[in-house]
1. Of all alpha-carbon pairs in chain B, indicate the percentage at a distance above 18 angstrom.
2. To the nearest 0.05, what FRET efficiency results for A:Leu69 and A:Glu33 with a Förster distance of 35 Å applied to their C-beta separation?
3. What Rg and what Dmax come out for the range A:3-146 when only alpha-carbon atoms are used, in angstroms?
4. At a Förster radius of 35 Å, what calculated FRET efficiency corresponds to the Cβ-Cβ distance of A:Val57 and B:Asn43, to the nearest 0.05?
5. Once you average over the residues of B:30-39, how many Cβ atoms of partner chains fall within 10 Å of each Cβ?
6. Going down the list A:Lys145/B:Lys28; A:Lys29/A:Lys140; A:Lys146/B:Lys3; B:Lys3/B:Lys28, which pairs span over 30 Å between their C-alpha atoms?
7. What length, rounded to one decimal in nm, is gained on full extension from A:Glu90 through to A:Val20, with 0.36 nm per residue of separation minus their alpha-carbon distance?
8. Where in chain A are the DSSP H helices whose C-alpha atoms run 24 Å or more along the long axis and whose mean Kyte hydropathy is at least -1.0?
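What follows is calculated from the coordinates using simple rules that are stated; it is not laboratory data. For clarity, every value in this text was computed on a predicted model and none was experimentally measured. Please note: Cβ atoms are built from the backbone with ideal geometry, for glycine as well, and neighbour counts cover all protein chains shown.
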Amino acid sequence: MSTGQKQNYISLVTTLLVSVPYFIFIFNKYQLEVLNISGELRFWSTAILLLIPIRIVSEIVMSIAGAVLQAIITGKEGKDLSDERDTLIELKSTRNAYFIFMFSFMAAILAVSQGHSVSVMFSILIISGFLSELFEIFSKIYYYKKGF
Amino acid sequence: MIKRHITNTIRKLRFEHNEMTQEQLAEKAGVTRQTIVAIEKGNYSPSLELAFRIALVFNLSIEEVFSYEIEQKI
């Protein structure tokens, strides 16, 4: 298994370990707070903005931990070599993820146009962001295994 | 139904070149071993540049390594 492939499994674990507890925390916090429309916008914007540095830091930490673990188990450093096939897999997986997010974005807009609150829109956006990320990782795993 | 695919003789050529390993070929062509595995299995069609690099490793022309086949299926 190449370093690129291992990175997918690390990303999958990171996504599940960090994003899921964060979403549960955010949705629980939202239930406890009584907010007006501007308060709701502020709450969800902050929630999304906070998620970005959390994900970046957790990705970095998990990547380092993965590299250290690999060095301990195999006794040699993993080569961080990526080639044209890796780039193509990356592009195809990103395209697949965008398809999921595009439809979810439309669903979020549709929800608001049908009279649902902004919290419904943000919930759809957050969940679809999470799902599209998962879809991207699974696409990469699939392309690495099956080829294309 | 017409099926088109690129075939190659990399496996045979590796064997003829002192049983070169996939890892060695990958290193010489500047790609990962997984890419060589995928090309050999026919799961991935390399770019023209990579096809030339692989052919150069064996000191052959590109046509001697890769060929384009059209299969007619009924």
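1. When every Cα pair of chain B is considered, 35 percent fall beyond 18 Å.
2. Calculated transfer efficiency: 0.30.
3. Gyration radius and largest Cα-Cα distance of the range A:3-146: 18.0, 59 Å.
4. 0.45
5. 5
6. Check vs 30 Å cut-off fails for A:Lys29/A:Lys140; B:Lys3/B:Lys28.
7. Here the answer is 22.8 nm.
8. A:37-74, A:84-113, A:118-146
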